[in-house]
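The values are calculated or read from the model by the stated rules, or taken from the named source; none is laboratory data. Bear in mind that the values here come from a model prediction, so they are computed numbers and not experimental data. FYI the Cβ positions are ideal-geometry reconstructions off the backbone, even for glycines, and counts take in every protein chain you see. Only protein heavy atoms, including side chains, enter the accessible area calculation; ligands, DNA and RNA are left aside. Shrake-Rupley method; radii C 1.70, N 1.55, O 1.52, S 1.80 Å.
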Amino acid sequence: MLASVTTGLLTGLALIVAIGAQNAYVLRQGLRREHVVTVVVICAGSDAVLILAGVGGLGTLIDAAPQ
């Protein structure tokens, strides 16, 4: 189980570290100094929820109850 959790967390970290559209948006807002705290809180919160759902086995839950 620890191997699965570690794999999930490292995969999530790799996705966050890569400069994607969301990270580019956060950087742009930071450089413009517009709504920085709001943007960071929303993006970090949504990332945390999605990572926890993935690591927590949401896919297994969906497979167990397809309806």
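Observations on the model:
- Using alpha-carbon coordinates, inclination of helix 2-17 to the longest axis of the chain, degrees: 20 degrees
- Ellipticity at 222 nm from helices only: DSSP H runs of n ≥ 4 in the chain, each -39500 (n - 2.57), divided by the residue count, give -26500 deg cm²/dmol.
- FRET efficiency, Thr38 to Ala18 (Cβ-Cβ, R0 22 Å, nearest 0.05): 0.45
- With every protein chain in place, region 13-67: carbon and sulfur % of accessible area (1.4 Å): 70 percent
- Solvent-accessible area per residue for the chain (1.4 angstrom probe, square angstrom): 80 Å²
- Answer label, with mean projected area of the Cα convex hull in nm² calculated from the coordinates and candidates (1) 5.7; (2) 3.8; (3) 7.0: (1)
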